[in-house]
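Everything below concerns the one structure shown next.
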4 protein chains.
Amino acid sequence: DRKLTFIAGPCQLESREHGLEVSQQLREIADRLNVGLIYKTSYDKANRTSLSSARGMGLEASLPVFAEIREKSGLPVLTDVHTAEQAKLAAQAVDVIQIPAFLCRQTDLLIAAAETGKPVNVKKGQFLAPWDMKNVIAKVADAGNPNVMACERGASFGYNTLVSDMRSLPIMASFGAPVVFDATHSVQQPGGQGTTSGGQREFVPTLARAAVAVGVAAVFMETHPDPDNAPSDGPNMVPLSEFEALAARLLEFDALAKGL
Amino acid sequence: DRKLTFIAGPCQLESREHGLEVSQQLREIADRLNVGLIYKTSYDKANRTSLSSARGMGLEASLPVFAEIREKSGLPVLTDVHTAEQAKLAAQAVDVIQIPAFLCRQTDLLIAAAETGKPVNVKKGQFLAPWDMKNVIAKVADAGNPNVMACERGASFGYNTLVSDMRSLPIMASFGAPVVFDATHSVQQPGGQGTTSGGQREFVPTLARAAVAVGVAAVFMETHPDPDNAPSDGPNMVPLSEFEALAARLLEFDALAKGL
Amino acid sequence: DRKLTFIAGPCQLESREHGLEVSQQLREIADRLNVGLIYKTSYDKANRTSLSSARGMGLEASLPVFAEIREKSGLPVLTDVHTAEQAKLAAQAVDVIQIPAFLCRQTDLLIAAAETGKPVNVKKGQFLAPWDMKNVIAKVADAGNPNVMACERGASFGYNTLVSDMRSLPIMASFGAPVVFDATHSVQQPGGQGTTSGGQREFVPTLARAAVAVGVAAVFMETHPDPDNAPSDGPNMVPLSEFEALAARLLEFDALAKGL
Amino acid sequence: DRKLTFIAGPCQLESREHGLEVSQQLREIADRLNVGLIYKTSYDKANRTSLSSARGMGLEASLPVFAEIREKSGLPVLTDVHTAEQAKLAAQAVDVIQIPAFLCRQTDLLIAAAETGKPVNVKKGQFLAPWDMKNVIAKVADAGNPNVMACERGASFGYNTLVSDMRSLPIMASFGAPVVFDATHSVQQPGGQGTTSGGQREFVPTLARAAVAVGVAAVFMETHPDPDNAPSDGPNMVPLSEFEALAARLLEFDALAKGL
């Protein structure tokens, strides 16, 4: 078992400057904690609750910024893609391709992501059982790409609520894929604010700690210098000023869980 | 309140001959019952449980067959699309564009479907509350297309199980969209057979009758001459030989519900 | 299949006068509709959300009132019991013993109810699958009482929410017991108002109609002259002034469902 | 924050000898681990899935055995009660009164347990939200007994399945009650084996570790020398031979979580 990695960053790429600044700060935190960190950033929020929600800079405008973030911060970069075409394009500038939860069963998208040769992080759909991810992982692996991760981000639990079943972590690990716990979207309240989704930021440390104690390869945790004014996922992002302490605490549980 | 319409057909377009034959039989049933019927057919099952499951003929090969079915049977044709490009192409040969449940939040797809000018039937995601469909309907309508239908097809209920909340029918109707009840996928057991989804065909009449008594604009009900040998959704399709009697019975409840 | 019966009345026995008056009005409605009606009344709300909620008159004080209601209205009376001792006592004055949903697995209570020789209506626990009721029904029947009914009143669906799975009606009927649909508690929002439960009275007709169309032996539907001022279940009781029209409408669906 | 306590023992009191032997072994384990341990034992399984399941020795026959276990092992003893009368009787021989999950809303039972003056451990109903426990705790406290614990044992999640929401632990702790995590019944599959409940013993360490990392006052964990031949809860009890190692591991996480 290897030491925990973090997948972290603001939900959206808000601007070149914003991306460069946050990635630089996260790079410094990762150095201080001596831990692997993958910078998460999105060029498009393609499934916002309503049409009027901010969607981001778009793929074409974002690619050079992704490249610049990668170069200047020295961090690997992850982004999520929504079509087969985007997978190919994004792979030019990022290190990890992520498949959104709603799209985790779209075969063409999974194959296109696999064919980039980049590691693929597949979010488990809110409508899937942990064991259903076996077929999802196989779709990527059978397309020739064994570098596939399975990410828990909550299961539908009644209306506008998700629940994190910690049994899913060992179940998905048993399929041979590194398991990621998404502590940000697991505390989302989908649709819970009428035209946007709500969130319970206060439970990010609770669920992240539980998952790390069980044992995971990585924790996905969005962070932002000013979450309350972020264009998306504000209610469930961790303030950047609190990120380092929380990550350090999780590393203690990781070391205990893995005997490091 | 207008008389119930049926959306019916086999899950997949299996071949030109198969499509022509089944659509002809459904046309005759619709004539005998004096009821509107939209022929449902899919050119691609894009989100099968596993990579080895049959996916269908593909869009390009299917378009001329869709056109021929429409012309020969005289029935309007509905198909489901998975990308913005497919929406544009499919609109050349079909009368109704359908958005799959997993994709009901993908803004670009909804806008592309809206821009075809065709009526759009949006399946409610298994992960959505009924009231979340207000924003989904608005995405289509705000893109300039008021002809949008909302379709109930079950909500996630624990693992590998869906439940049909009949309250969703009046809730979605309150948003001004005609409401469709999908009696086929509501009895699906997602992922329930390991590498394919299972189903409970025996409960199709139960749920369809409940929905029609509550009051819906249309019932979506897949049917097949030989469901047990169909390439997909076999466990939840109604045998074609039983379709007419079931539809006739539902029309009795519809007449009572609407005072027709 | 026999014509639908109603189980109706206010949630609690509020006073002798209140009970006599409401039961008399329900008797007149039943006569006008030519339908069987069992008067439902509770002497104790033993599991209120909070300690300060009103609980009712208690068993001893209620027994003579139950007897008087039965005699004057000519309606059979149903009440719910919470201990084995109460079952024996209540049987002296009522015609049907009801087991609350939370208590549907308490073996001693089920046996005591069975041993009264009265028909027993067991509410399905919010935590039970429909097929779990097979063992519950058998507990009563194996104690020597074959007159046991199974009542659907919603299943837990996330927090503070219930959902009515219409498949439960034929599943429970397959165990040989008459099936009751409780349209009042199926629209309850347990704990949803902090120190009391909320409810969605507006969906009583929706769910009742769906259940009757599927086919049930009886509908349980609480009613009150002034629900908004009732001491319990106000948010989900039907105003008495609307009861007759709703019941009459349900009888139309019942006649169609059963070919009466 | 005080060091973790264990509540452990076999599901049922099978015989005097069995109880004395297991309690003695648990006492030795507790001494070696230098940890508090409360011996859990039941005199009656009052809500078994079916009538033919074994129920235990009964309260009267068990009371002297409980007293003997307490005296010989030196461990405090906990048992669960199902009626107000049983609460009074049991309090003569045990140190902690437990309220079963199905009965957590029965006001008379909670008050009777409170009035014994003994600490009361209330299992959260599978049908309750964490915040609903505020009123439950208040029922005991307002009856004059502030020594009330709240126990998480899983929430209904579809049919025959429970899910453990780790957010419930801090939510219930915020009401001022020590929080217990029941790792045995959280992995129960209610009704999952037809006439008995199934279980997933393999996930006991997973969920217990997650809960302890989040932070709890006690872990409830049934254990048995030969679970596969136990009369109840066999599928989810930890073999006694594995108990000490698991408990020791949990204490490491507890020490890290609480900075002990």
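Listed values, structure above:
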quantity	calculated
Accessible surface buried once A binds D (1.4 Å probe; total of both sides; Å²)	2200
Position C:S174, label points 7 Å along Cα→Cβ, spacing to each other copy in nm (shortest first, one decimal)	2.8, 3.5, 4.3
The protein assembly as shown: antiparallel DSSP beta bridges as a percent of all, rounded to 5	10
Estimated FRET transfer efficiency when R0 is 30 angstrom, pair D:L33-D:N147 (beta carbons, to 0.05)	0.80
Chain A Cβ-axis minimum, rotational copy C, residue and distance in Å	A:G158, 1
Tail beyond 23 Å, pair distance distribution of chain D (Cα, percent)	47
Euclidean distance of C-alpha centroids, the stretch C:24-93 and the stretch B:23-40, integer Å	52
Neighbour net charge for D:V187 - beta-carbon separation under 15 angstrom, K R +1, D E -1	-3
Two-site label geometry, B:L20 and C:E242: point separation in nm, points 7 Å out along Cα→Cβ	5.5
Around D:G215: net Lys/Arg minus Asp/Glu count, Cβ-Cβ under 13 Å	+4
Order by protection proxy (mean Cβ within 10 Å, highest first), peptides B:205-212, C:74-81	B:205-212, C:74-81
Across the identical copies, how the A:P231 labels are spaced - nm, sorted shortest first, 7 Å along Cα→Cβ	4.2, 5.8, 6.6
Among the listed pairs C:K139/D:K45; C:K88/C:K123; A:K134/A:K258; C:K88/D:K118, those beyond 21 Å (Cα-Cα)	A:K134/A:K258; C:K88/D:K118
For D:252-258, mean number of other protein chain Cβ atoms within 10 Å	3
Exercise: per-residue mean of other protein chain Cβ atoms within 10 Å, A:99-105	4
Whole-percent carbon and sulfur share, accessible surface of the protein assembly as shown, 1.4 Å	48
Kyte-Doolittle at least -1.0, axis length at least 24 Å by Cα - qualifying DSSP helices, chain A	A:16-33, A:240-258
Among B:L246, B:A84, B:W131 - extreme Cα towards positive end, dipole of chain B, charges at beta-carbon	B:W131
Within the stretch C:220-260: backbone nitrogen closer than 19 Å to the B:A255 label point (7 Å, Cα to C-beta)	C:249-260
Other copies of B:E17: label-to-label distances in nm, shortest first, labels 7 Å along the beta-carbon direction	6.9, 7.6, 8.2
Percent of Cα pairs exceeding the 15 Å cut-off, where the set is the stretch C:147-228	57
Heavy-atom surface of the stretch C:1-76, accessible at 1.4 Å and reported per residue (Å²)	43
Neighbourhood net charge (12 Å Cβ-Cβ; Lys/Arg +1, Asp/Glu -1) for D:L260	0
Residue-normalised accessible area of the stretch C:84-234, given per residue in Å² at a 1.4 Å probe	27
Accessible area (Å², 1.4 Å probe, nearest 10) - A:W131	110
Translational D in µm²/s for the stretch D:26-170 (Stokes-Einstein at 37 °C, 0.692 mPa s, Kirkwood Rh from C-alpha pairs)	203
More than 54 angstrom apart: percent of Cα pairs within the protein assembly as shown	19
Long-range HN-HN contacts of A:V81 with modeled amide H, under 5 Å	A:Q98
The stretch B:124-148 and the stretch D:148-206: distance between their alpha carbon centers, rounded to Å	36
Other protein chain Cβ atoms within 10 Å, averaged over every residue that makes up B:207-215	6
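The values are calculated or read from the model by the stated rules, or taken from the named source; none is laboratory data. The structure displayed is predicted, hence computed values, not measured ones. Note that we place each Cβ from the backbone using ideal geometry, even for glycine, and neighbour counts take in every protein chain shown. Surface accessibility is based on the protein's heavy atoms, side chains included, excluding ligands, DNA and RNA. Shrake-Rupley method; radii C 1.70, N 1.55, O 1.52, S 1.80 Å.
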